[in-house]
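What follows is one structure encoded as structure tokens, with my remarks underneath.
None of the figures in this text is laboratory data; all of them are computed from the coordinates on show. Given the structure is predicted, the values throughout are model-derived calculations rather than measurements. Using ideal geometry, Cβ is built from the backbone for each residue, glycine included, and neighbour counts are taken over all protein chains shown.
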Amino acid sequence: MWTKIKWGFRILLLLIVGLFLHYTLPQHDVVQIINTYNKLTPIGANAIFYSSGDTGTGTEMQADTRDIRFIDAVYPDGRTVMVYRNEDTGWIWPPYFKWDSSTLQAEAANLKSDKAAPTWVAVTHYGWRLEWLSTFPNAVAINPVAGPDVRIIPWVNIILLTALALAIFMVRRMWLQFRERTIDPALAGVGDTWDAVDAKADAARAEASGFFGRIRAWFSTWRAKK
Amino acid sequence: MIVGMARLIVLALIGLTVVYFLVSIYSKSVRREKLEKEWDTDPAREDVPEADRTAFIEAGMDVYRHGLKRRLLWLIYIIPMIVFVTIIYAVNW
């Protein structure tokens, strides 16, 4: 029972982290731009999927409706379409530090093409198109590419995910070192003083299992000895 | 705009300082453990008094405090700053 709950919790956590990374990390679409425009957009409960109010186009208008730039595009199959928003990002999250929405909009307009003579571009973006929440991926960069079949190597994602894996590995190493050098010796001391009352020591040891149990037991070694 | 930037810098400094201290504690601890093991696994030092062991470890820690490895910990501040500037350049120009 507890194992199932624990695994369920772990899978849920992994899913949340995965979705978070999928939303935030840059992705590339090879598309043809078919339209660029501004639209007064009401922002309500879906505000988390838009830039914060104090950035970019939001600066002029502190209301729940603001003028947002959009870019319409079509994928190489000629039928699937995508609508990108084009907003400045804030300073904290997502950390793209994008201030050039106007320039990007001009670039998009410049690269606009019609079906007869398509110009293919790679749109770097983050975010999701969720129709039911009215959210749009935010375009970050637009670059012309040779054709609809080019393969783009996601270097940024490779580097970031490698760094993330390294960071997780380091945190684990640091925790193990801390446990070995600081918590376990302290707990061993507790065990010694309690050896007279064997049952109590066993209880303490049982309680000191698992991540939080160890931390709790370690904190209790700080308390004054009775 | 300026407020946002100031907020980012303050938050980043706080966050990086926490990371810096945690990593520096870890790095110190690893070095101390290495010195202890070096002493404890040497058969020639089996009957040497405990005070000599402490002196040996403290001398080793002193070398560490003035060594290159400790100075490399400043990269914890420097690398994010480089990344920050690189992102700004790559996204906006």
Practice task
Compute the distance in nm between two label points, each set 7 Å from the Cα along the Cα-to-Cβ direction, one at B:Glu33 and one at A:Phe212.
Solution key: 2.6 nm
Exercise for the section: Would you mind putting B:20-32, B:63-75 in packing order, based on average other-beta-carbon counts within 10 Å, highest first? Expected result: B:20-32, B:63-75
Practice task
Give me the number: length gained by fully extending A:Ile153 to A:Trp93, i.e. 0.36 nm times residue separation minus the C-alpha to C-alpha distance, one decimal in nm.
Solution key: 19.2 nm
Practice task
Show that you can apply the helix-only estimate: for the protein assembly as shown, add -39,500 (n - 2.57) for every DSSP H stretch of four or more residues, divide by all residues, and state [θ] at 222 nm to the nearest 500.
Solution key: -17000 deg cm²/dmol
Practice task
For helix B:2-40, report the angle its Cα long axis makes with the longest principal axis of the Cα atoms of chain B; keep it between 0 and 90° and round to the nearest 10°.
Solution key: 10 degrees
Exercise for the section: With r as the distance between the Cβ atoms of A:Thr221 and A:Val17 and R0 = 41 Å, compute the FRET efficiency 1/(1 + (r/R0)^6) and round to 0.05. Expected result: 0.80
Completion exercise
Partner shielding of A:15-25, as the mean number of partner chain Cβ atoms within 10 Å, equals 0
Fill in the blank from the handout: Protection proxy (average C-beta count within 10 Å per residue), highest first, orders A:71-79, B:4-12, A:123-131 as A:123-131, A:71-79, B:4-12
Problem - Approximate spin-label separation A:Ala116-B:Trp74, in nm, with each point projected 7 Å along Cα-to-Cβ - result: 6.3 nm
Practice task
Let me know the shape class of chain B, please: from the alpha-carbon gyration tensor, a ≥ b ≥ c as square roots of the eigenvalues, rounded when a/c is under 1.5, otherwise prolate if a/b is greater than b/c, or oblate.
Solution key: prolate
Fill in the blank from the handout: For chain B, longest principal axis from Cα atoms; helix B:75-92 axis from its Cα atoms; angle between them, nearest 10 degrees, is 20 degrees
Completion exercise
Taking Cα atoms only, helix B:50-65 is inclined relative to the longest principal axis of chain B by an angle, in degrees rounded to 10, of 30 degrees
Practice task
For A:Arg173 and A:Lys6, compute 0.36 nm times the residue count separating them, minus their Cα-Cα distance, and round to one decimal in nm.
Solution key: 57.9 nm
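Using R₀ = 22 Å, calculate the FRET efficiency as 1/(1 + (r/R₀)^6) where r is the Cβ-Cβ separation of A:Asn143 and A:Ala106; round to 0.05.
About 0.95, to the nearest 0.05.
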Exercise for the section: Calculate the mean, over all residues of peptide A:91-99, of how many other protein chain Cβ atoms lie within 10 angstrom of the residue's Cβ. Expected result: 5
Completion exercise
Each residue of A:170-181 has, on average, a number of other protein chain C-beta atoms within 10 Å of its C-beta equal to 3
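Go through A:Lys6/B:Lys28; A:Lys98/B:Lys69; A:Lys39/A:Lys112 and tell me which ones have a Cα-Cα distance over 26 Å in this structure.
A:Lys6/B:Lys28; A:Lys98/B:Lys69
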Practice task
May I ask you to derive the FRET efficiency for B:Leu16 and B:Met61 from their Cβ-Cβ distance with R0 = 35 Å, giving the value to the nearest 0.05?
Solution key: 0.90
